[in-house]
Amino acid sequence: MISVEGLTVEFGVKPLFLDASFVVNDRDRIALVGKNGAGKSTMLKILCGKQTPTSGTVAVPNDYTIGYLPQVMILQDDTTVREEARKAFAKITQLKEKIDELNQQLAERTDYESEAYMSLVEKFTQEHERYMMMGGDNYEAEIERTLTGLGFLRTDFDRPTNEFSGGWRMRIELAKILLQKPDVLLLDEPTNHLDIESIQWLEQQLSQSSRAVVLVSHDRAFINNVTNRTLEISCGKVIDYKVKYDEYVKLRAERREQQIRAYENQQKEIADTKAFIERFRYQATKAVQVQQRIRQLEKIVPIEIDEVDTSALRLKFPPCLRSGDYPVICDQVAKSYGEHQVFANVDMMIKRGEKVAFVGKNGEGKSTLVKCIMGEIDYEGTLKVGHNTQIGYFAQNQAQLLDENLTVFETIDNVAKGEIRLKIKDILGAFMFGGEASDKYVKVLSGGERSRLAMIRLLLEPVNFLILDEPTNHLDMQSKDVLKEAIRAFDGTAIIVSHDRDFLDGLVDKVYEFGGGKVREHLGGIYEYLRFHNAETIEEATTLSPALPREGAANAPKEAAPTDNALSYAERKEQQKKINKIQKQIKACEEKIATLEARLDELGKKLEDPANASDMKLVNQYTETQEALDKEMETWEELSLKLE
């Protein structure tokens with residue numbers, strides 16, 4: 001049990017916490033929530049002793065062990081994955097070395113009847129029994145089980161840690177903490193670097209654990225499935241809700257309504273008191289009453305209202321060109337790195353207006369296919385980006401492309417158009433850049449802050465096709481709600497690579513599953529995808545054969561590439577001829593469209609000149625060119641449908 005009494009933390013004029021008190025009991029699984037900057041990470045550091053409060057006490061029993069996973073940490077790069085995970089069992093490995101040393105001494109000695117020898121035998125027996133009680137023979141299997149659960153392959157175990165990205169090395173640190181089995185686990189955004197399968201494995205481990213858990217996470221489904229209690233940090237106070245997160249949201253809304261009513265009543269009382277003072281300030285007969293009212297005013301303690309909930313804010317994408325009917329068409333697309341085949345025979349058609357999810361384990365090719373669509377890497381097969389498709393791409397390195405010499409406000413003001421410019425402050429507040437934060441320069445922002453800023457910038461650009469690669473990693477729940485509603489209202493097309501089930505739920509209407517070198521299409525949302533496989537987790541779903549759907553399942557998945565055995569050789573050859581012919585026609589059509597658009601633009605500029613306003617020859621040319629362009633557009637759409 002950890003007991004926190006009268007905790008106060010002051011960094012500036014306004015305290016971060018003021019007289020906070022609560023208890024972390026055995027088997028408590030607590031979600032620590034609050035807006036960014038409220039002090040969640042600071043609270044975890046104080047609980048594990050890495051930071052000292054201004055005042056107050058944190059009492060931890062002497063025999064208690066605490067495991068702490070920060071958002072960012074310095075990682076070692078001088079060992080293999082298995083050796084690094086083995087450090088969690090340092091005491092056991094030290095004991096094993098001691099036992100081996102005692103065993104060696106017993107083997108070398110011959111004075112079997114001496115007291116010294118018998119003493120050595122007794123010591124060896126005691127240490128060996130202690131070793132067995134600590135699970136000495138099982139820890140290697142436990143290491144493998146934990147690393148596998150967090151997404152590592154067995155072939156990864158003996159690879160040097162410096163071959164892995166920062167996100168994967170954070171998984172190694174998480175594995176070490178879980179293997180140590182501390183009495184209290186403090187986890188700061190543990191899901192940021194995990195895919196869906198690993199998150200669900202971690203959920204199961206934490207839910208079944210007898211240890212106490214305090215975690216900070218912006219994954220709503222994760223904290224709902226793991227926690228049974230919610231601690232909210234708001235206005236410098238810690239409010240304890242003995243319920244799951246979803247129930248907390250309802251209780252918090254009720255609490256805020258009460259605060260607003262009390263605040264309004266208090267403001268009315270203050271206004272009435274001030275009016276009385278001003279009215280009778282200079283009347284001698286009312287001097288006593290005026291002084292009483294002044295004292296009353298001084299004694300009033302202002303009622304604070306919890307931070308404003310900006311989740312109701314609505315973002316609307318700016319107007320953009322209408323794309324073709326099929327923004328992305330893949331035909332037998334394949335990608336390999338040397339002998340490693342990432343995927344092959346991908347046949348995919350994404351219609352205009354569709355919102356689709358890319359799911360699967362890390363390394364199965366989700367981001368690779370996105371890069372193929374973006375034209376960033378080479379590939380085999382045919383991949384066509386449709387006519388008039390304007391792509392807005394959010395990748396993890398997107399934040400590096402921001403101008404460091406602009407402020408947060410200037411970065412957004414430069415891309416905002418029309419009415420949305422009047423709401424820039426509200427939008428920045430919704431994405432945790434409220435108040436003075438909007439005046440910060442980009443160069444002083446953290447990596448997470450830059451990612452959020454890049455996301456806002458993308459939302460305000462006129463695009464008709466969004467590709468978002470893990471867009472929610474650095475967003476809190478309210479920001480995710482704003483983003484989700486914006487994408488839902490977006491009349492363009494979107495591909496979302498995400499491990500956040502709650503974010504995908506109700507947003508996507510199709511799921512593409514990556515695994516085993518193939519891409520399979522599933523109609524419906526993320527939870528329909530799980531139900532189709534009769535699976536509780538995506539990890540379980542991806543291990544089931546797609547050729548053997550569960551009985552009675554609707555919307556059976558189809559591989560994104562039909563098998564060659566489905567058609568005879570002659571039929572395939574004839575079909576390919578037709579496809580090639582239509583593709584050539586589409587290409588010729590697009591070249592005509594580009595020429596006509598350029599001619600139309602040229603004529604339009606001439607007609608803008610007042611001297612040419614009455615030139616009927618120019619007007620007729622403009623009209624004829626517009627009609628020809630419309631006809632070519634119709635032909636292009638017909639050919640695209642024929643190709644499908």
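The values are calculated or read from the model by the stated rules, or taken from the named source; none is laboratory data. Being a predicted model, the structure only gives us computed values, none of them experimental. Positions of Cβ are generated from backbone atoms using ideal geometry, with glycine treated the same way; all protein chains shown enter the neighbour counts. Side chains are part of the model used for accessible areas, which takes the heavy atoms of the whole protein and leaves out ligands, DNA and RNA. Shrake-Rupley method; radii C 1.70, N 1.55, O 1.52, S 1.80 Å.
Rolling a 1.4 angstrom probe over the chain with all protein chains present gives an accessible area of which 48% lies on carbon and sulfur atoms. For the chain, the relative contact order is 12 percent, taking Cα pairs closer than 8 Å that sit 6 or more residues apart in sequence and dividing their mean separation by the residue count. Taking the average, over residues, of other Cβ atoms within 10 Å as the packing measure, peptides 456-463, 286-293, 105-112 rank 456-463, 286-293, 105-112 from highest down.
Shape call for the chain from the C-alpha gyration tensor, a ≥ b ≥ c root eigenvalues: rounded (a/c under 1.5), prolate (a/b greater than b/c) or oblate?
Oblate, because a/c is 1.5 or more while a/b does not exceed b/c.
For each pair in 250/299; 14/299; 35/423; 14/50; 518/587; 14/443, compute the distance between the two Cα atoms and list the pairs where it is over 31 Å. Working shown, then result.
Numbers: 250/299 33 Å; 14/299 20 Å; 35/423 20 Å; 14/50 22 Å; 518/587 28 Å; 14/443 26 Å.
Beyond 31 Å between Cα atoms: 250/299.
Using the per-residue mean of other Cβ atoms lying within 10 Å as a proxy for protection, in what order, highest first, do the peptides 510-521, 214-225 fall?
214-225, 510-521
Per-residue accessible area (protein heavy atoms, 1.4 Å probe) orders 121, 81 as 121, 81, starting from the largest.
Heavy-atom accessible surface of the chain, averaged per residue, reaches 52 Å², computed with a 1.4 Å probe. If R0 is 56 Å, the Cβ-Cβ spacing of residue 103 and residue 444 corresponds to a FRET efficiency of close to 0.45. Could you tally the net charge around residue 1, taking each other residue with its Cβ under 13 Å from the Cβ of residue 1, Lys/Arg +1 and Asp/Glu -1? Cβ neighbours under 13 Å give a net charge of -3. Restriction of the trypsin sites (Lys or Arg not before Pro) in region 113-159 to DSSP coil positions whose beta-carbon has at most 14 other beta-carbons within 10 angstrom yields no sites. Rolling a 1.4 Å probe over the protein chains gives residue 481 an accessible area of about 40 Å². This model, with +1 at the C-beta of Lys and Arg and -1 at the C-beta of Asp and Glu, gives region 407-502 a dipole about its Cα centre of some 120 debye.
Give the shape of region 99-196 as rounded, prolate or oblate, defined through the alpha-carbon gyration tensor: a ≥ b ≥ c are the square roots of its eigenvalues, a/c under 1.5 means rounded, and otherwise the shape is prolate if a/b is larger than b/c and oblate if not. Prolate is the answer for region 99-196, as a/c is 1.5 or above and a/b outweighs b/c. In the chain, helical runs assigned H by DSSP with n ≥ 4 each contribute -39500 (n - 2.57); averaged across all residues and rounded to the nearest 500, the mean residue ellipticity at 222 nm is -14000 deg cm²/dmol.
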